[in-house]
């Protein structure tokens, strides 16, 4: 079994607002900017093939975009090149990490010195949510999807395992970037489910993320 000691201390990071990756989940991405094409090429040359997904945020009154302290690293497991030199890739979530510092250098993309400490369960077995009341959750989710004019394969959702269901919805639902960060930082699957329910209920009441944070 892979251990955190096997993972590198420095990884490339892709600061993409609203893009959430979680352990044991898959995230498709379309890569076309030259700096991220360079990042992809460099990642392919490493044995781990890791890319860290991190939510950026803006400093009021500044054009600077800083990185949230916690992200999730994914292993590049699939990619295809288009005729015009762009890539369609898939990252498979490995483990969350904490940003220790940004690494300066000549790379056109951002790199970070990271710590894997505190995220041991991410490399463990699939999580289960023993307190999950699926029927009530699906009823609430149906109201939310209707309010957002979203459609889905309800049969597949109903049959999905707890972790696949909760993590996939966390990644796919149209939550704000700060809400996605809260879902990422949830310490357990049950906490993530509770956070998602709070976000859905707040959205159904017509609230905003800014109001919820006050």
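The values are calculated or read from the model by the stated rules, or taken from the named source; none is laboratory data. What you see is a predicted model, and the numbers here were worked out from it, not measured in a lab. Virtual Cβ from ideal backbone geometry, glycine too; neighbours counted across all protein chains shown.
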Here are the criteria: (1) more than 17 Å from residue 204 (Cβ to Cβ); (2) part of a loop (DSSP other than H, G, I, E, B). Tell me which single one residue 174 does not satisfy. (1)
Among strands (runs of 3 or more DSSP E) entirely within segment 1-74, at least 3 residues that are over 17 Å from residue 176 (Cα atoms) occur in 10-15, 26-31, 50-54
Quickly run through segment 125-163 and pick out the residues that are without any contact (Cβ under 8 Å) to a residue 40 or more places away in the chain and under 30 Å from residue 98 (Cα atoms). 125, 160, 161, 162
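Given the residues 169, 157, 150, 165, which is the only one that is in a loop (DSSP other than H, G, I, E, B) and closer than 22 Å to residue 28 by Cβ? Lay out the reasoning, then the answer.
Working: 169 fails: in a loop (DSSP other than H, G, I, E, B); 157 fails: in a loop (DSSP other than H, G, I, E, B); 165 fails: in a loop (DSSP other than H, G, I, E, B).
Unique residue meeting the criteria: 150.
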Restricting segment 28-52 to residues that are modelled with pLDDT of 95 or more and in contact with a helix residue (DSSP H, G or I) (Cβ under 7 Å, 6 or more places away or on another chain), which is surrounded by the fewest Cβ atoms within 10 Å (Cβ to Cβ)? 49
Just to check your reading of the model, which residue among 83, 127 is assigned to a loop (DSSP other than H, G, I, E, B), modelled with pLDDT under 95 and in contact with a helix residue (DSSP H, G or I) (Cβ under 6 Å, 6 or more places away or on another chain)? 127
